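> Handing you a structure now.
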Amino acid sequence: MALKFRKFKDRFSSLWIKIALFFVVLLPVVITLSLLYKSSVVLETNGLKELLFSSVWRPLAGQFGFWPFIVSSLWVTILGLLITAPICMFSAIFLTQYGSARLLRFMQPVIDILAGIPSVIYGVWGILIIVPMVGRYLAPLFGIESTGFSILAGGLVLSVMLIPFILNILIEVFKTVPVELSEASLSLGATKWQTIKFVVVRKSFAGITSAFGLGLSRAFGETIAVLMVVGNVVGVPKGIFDPGYPLPALIANNYGEMLSIPMYDSALMFAALILLVVVMFFNFLSRVVIIRLEKKV
Amino acid sequence: MWRKIEEKAFYYLMVISTVSLGFFLLLIVATIVYRGLPYLSWEMISQTPKGGYYFGREGGILNAIIGSLYLSSGAVIIALVISLPVSLAMNIHLKRRKKLVNGLRFILDLLWGIPSIVYGAFGFTLMIYLGIKASLLAGIITVAFFILPIMIRSMDEVMKNVPLSLIESAFALGSTRTEVAFKVMVRQTFPGIITAVLLAFGRGIGDVAAVLFTTGYTDNIPTSLMQQTATLPLAVFFQLGSPIPEVQNRAYAAALILTIIILVVSISTRYFGKRFRKTLIK
């Protein structure tokens, strides 16, 4: 009796596990297919090439050119990565190569809390600090009038948001570099910095690239914080002090009107599909590199 | 000579970068506290918006606080029902099938990388397909999708490190796989499970993009799953968009409340992680 009941429990939980596993494996497929299905309407009428490279955005006339949004997204993402890259690299090297284990233990909560702050808080902070800073000080420095709501503000807010994300991966990457390697370099008379430059960074180059690849895909999809500071004006931005309108912001801002204009919902789902494809692509590459790296260790 | 200068210059750059991490955290928290604290009152956290609230009259954001807690708790419960068996299976049932487990981890990492706005869009299409209106339920389902990979992967990371000998000795004593899973694995990794749950809870409560399409917005506290609900991040976002200064100030206060919740969750994550470690078999 008891054994029977135990076996029954085992069979029941096996079934539960199978259903859950099936669900998880199916989820990415269902997400992709449903977005593809939804955007098929606008794809059929406008064609892929025009959707991606036209800059005519007239939803009421059924013309959807995503070029301005794609360019804005690229600008903000690349700017954010460029600003965050040196900070992440330097602090990751410092925490793993120079600092003691105690320093890392002390800094880990700081990084974790930074990672946990919701993006809407980063957005509020951006409006209060970054936007006035860009509008009042940085733009006049270059002799440009700007409200502060600009690509640059988006990039700056994004760069702070990316720090904990990229830094955590970089720390893991630098930890995989064998100590013997740097010790060999030091014993040959190289200085600490030379060792880092020629041994540690070179050895973990693949890992560094994939850390920034993951950061890129994270930045590309970031919605609310960027939306709040970037200005949201439709048009191809010409400089970093111009307002921009990245893809996630487009989706988030227009969900209300989505169902009242024909094909608009389909166009917005296409925007989500672009996001998904770009993010998956970079994630895929970076993860493959990281897995290769872990196998070597 | 140059070598020494380079050495020193980069050393100081590294110190500055590391210090700047703490500086950014302090700056963000200080900004929110400085702008939010003067407007934070008992009224804000104990009342729902009254008539004319959005023109600066009395009321609070209790609806959003409760809504957020409902939403995130509901999502965590649903996600737990799916993520616990998956992570257990990956580390007990499929332990010997390395390739399959690594494939699963790869899929989960990809899922983790999908931006929340895409989950939001997907949730919206699913909602229309199933014929559900914007509601607490739709929001809970969308957020559950979004936090699912986070939960599975964090639990998996802890379960991965449970020594194989412990599991095998349980099997040797005649336990079924289910018993090994719940009586050995879950107990052994309990701190990790709590951490994963809190981490996912924090993610769920702070996210806007996933719930923007699916929960709607209302001034009432939801009494059923089919009603619309307000959430804290959305309350911050909407009130900040208002041209009236008093409403904007309340957005800062709401942002402060959200920050406090997140900090509490973050600190208790660390506390629980340490606290339950005592009962583990080493």
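> Sketch the reach of a paramagnetic label on residue A:67 as a point 7 Å from Cα along Cα-to-Cβ, and name the residues of segment A:232-268 whose backbone nitrogen lies under 14 Å away.
Inside the label zone: A:235-238.
> Computed FRET efficiency, Cβ-Cβ of residue B:58 and residue A:25, R0 51 Å: what is it to the nearest 0.05?
After rounding to 0.05, the efficiency reads 0.50.
> Another question, if that's okay. When the helices in chain B are scored as -39500 (n - 2.57) per DSSP H run of 4 or longer and the sum is shared across all residues, what 222 nm value do you end up with, to the nearest 500 deg cm²/dmol?
-23500 deg cm²/dmol
> So how far apart, in nm, are the two label points at residue B:183 and residue A:179 if each is 7 Å from Cα heading toward Cβ?
4.2 nm
> Quickly rank A:122-134, B:203-215 as a protection proxy: mean count of other C-beta atoms within 10 Å, highest first.
By packing density, highest mean first, the sequence is B:203-215, A:122-134.
> Work out the mean other chain Cβ neighbour count within 10 Å for the residues of A:128-136 and drop it here as an integer.
Mean shielding count: 1.
> By the scheme Lys and Arg +1, Asp and Glu -1, what is the net charge of all other residues having a beta-carbon under 13 Å from that of residue B:143?
Summing Lys/Arg as +1 and Asp/Glu as -1 gives 0.
> Further question on the same structure: What are the ³J(HN,Hα) values, in whole Hz, obtained from phi via the Karplus relation 6.51 cos²θ - 1.76 cosθ + 1.60 with θ = phi - 60°, for each residue of segment B:172-182 in sequence order, with x given for Gly and Pro?
5, 7, x, 6, 7, 4, 4, 5, 4, 4, 8
> Return the long-range amide H neighbours of residue A:57 (sequence gap of 5 or more, or a different chain), with a cut-off of under 5 Å between placed amide H atoms.
Excluding prolines and chain starts, which carry no amide H, the hits are A:65.
> Now a separate question. Sum up the charges of everything whose Cβ sits under 13 Å from the Cβ of residue B:168, counting Lys and Arg as +1 and Asp and Glu as -1, but leave residue B:168 out.
Overall, the nearby charge balance is +3.
> What translational diffusion coefficient, in µm²/s and rounded to a whole number, does the Stokes-Einstein relation yield for the protein assembly as shown at 25 °C and a viscosity of 0.890 mPa s, taking the hydrodynamic radius as the Kirkwood radius over Cα pairs?
For the chosen part, D equals 97 µm²/s.
> Moving to a separate point now. With each pseudo-label sitting 7 Å past Cα toward Cβ, what's the residue A:206-residue A:44 distance in nm, one decimal?
Roughly 4.5 nm, to one decimal.
> Using a/c under 1.5 as the rounded threshold, could you call segment B:45-279 rounded, prolate or oblate? The axes a ≥ b ≥ c are square roots of the C-alpha gyration tensor eigenvalues, and prolate needs a/b larger than b/c, oblate otherwise.
Prolate is the answer for segment B:45-279, as a/c is 1.5 or above and a/b outweighs b/c.
> Amide H neighbours of residue A:177 under 5 Å, counting only residues 5+ apart in sequence or on other chains, H built in-plane at 1.01 Å?
Residues meeting the amide H criterion: none.
> Nearest 10 degrees, 0 to 90: what angle lies between the long axis of helix B:2-36 and the longest principal axis of chain B (Cα atoms)?
With both axes taken from Cα atoms, the answer is about 60 degrees.
> Run the quick spin-label model on residue B:133 and residue A:14: label points 7 Å from Cα toward the beta carbon, then report their separation in nm to one decimal.
Result for the modelled spin labels: 4.6 nm.
> Amide H neighbours of residue B:60 under 5 Å, at least 5 residues apart or on other chains, H built in the peptide plane: list them.
Excluding prolines and chain starts, which carry no amide H, the hits are B:47, B:48, B:50.
> How large is ³J(HN,Hα), in whole Hz, for each residue of segment A:86-101 in order, when computed from phi with the Karplus curve 6.51 cos²θ - 1.76 cosθ + 1.60 and θ = phi - 60°, using x for Gly and Pro?
x, 4, 5, 4, 4, 6, 5, 5, 4, 5, 9, 9, 9, x, 7, 5
> Mind checking the mean number of beta-carbon atoms from other chains within 10 Å of the Cβ atoms in B:25-34?
Across B:25-34, the average partner-chain Cβ count within 10 Å equals 4.
> Charges on Cβ only, +1 for Lys and Arg, -1 for Asp and Glu, centred on the Cα centroid of segment B:46-187; of B:126, B:100, B:68, which one is farthest towards the dipole's positive end?
Selected residue: B:100.
> While we're looking at this one, here's another question. Which links in A:7/B:183; A:197/B:98; A:49/A:238; B:98/B:274; B:99/B:160 stretch past 25 Å when you go from one Cα to the other?
A:197/B:98; B:98/B:274
> Now for a separate question. So for each of A:59-67, B:117-125, B:190-198 I average, over its residues, the number of other beta carbons within 10 Å; can you give me the resulting order with the highest mean first?
Ranked from most to least packed, the peptides come out as B:117-125, B:190-198, A:59-67.
> Hey, can you rank B:23-31, A:280-288 by average C-beta count inside 10 Å, highest first?
Per-residue mean Cβ counts within 10 Å order the peptides as A:280-288, B:23-31.
> Then there is this: Please compute the Kirkwood hydrodynamic radius over chain A, one decimal place, Å, based on all pairs of different Cα atoms.
22.0 Å
> Taking only the alpha-carbon positions of segment A:76-202 and ignoring solvent, what does the Debye formula give for the base-10 log of I(q)/I(0) at q = 0.17 Å⁻¹?
The Cα Debye sum returns log10 ratios of -0.90.
> Shifting gears a bit: Placing one identical point scatterer on every Cα of segment A:191-297 and ignoring solvent, what is log10 I(q)/I(0) from the Debye formula at q = 0.16, 0.17, 0.23 Å⁻¹?
-0.84, -0.89, -1.18
> Per residue of segment B:70-86, in order, report the coupling 6.51 cos²θ - 1.76 cosθ + 1.60 (Karplus, θ = phi - 60°) as ³J(HN,Hα) in whole Hz, putting x for Gly and Pro.
Using θ = phi - 60°, the values come out as 4, 4, 5, 5, x, 5, 5, 5, 4, 5, 5, 4, 8, 7, 4, x, 5 Hz.
> Mind running the shape call on segment A:4-152? Use the C-alpha gyration tensor, a ≥ b ≥ c as the square roots of the eigenvalues: rounded below 1.5 for a/c, prolate if a/b tops b/c, oblate otherwise.
Cα axes put segment A:4-152 in the oblate bin.
> As a test of the formula, what do you get for chain A when each DSSP H run with n ≥ 4 contributes -39,500 (n - 2.57) and the sum is divided by the residue count, at 222 nm and rounded to the nearest 500 deg cm²/dmol?
About -23000 deg cm²/dmol.
> When Cβ neighbours within 10 Å are restricted to other protein chains, what is their mean count per residue of peptide B:181-193?
Partner-chain Cβ atoms within 10 Å, mean over residues of B:181-193: 0.
Read-outs throughout are calculated quantities, based only on the coordinates presented, and are distinct from any laboratory measurement. All of these numbers come straight from a predicted model, not from anything done at the bench. Using ideal geometry, Cβ is built from the backbone for each residue, glycine included, and neighbour counts are taken over all protein chains shown.
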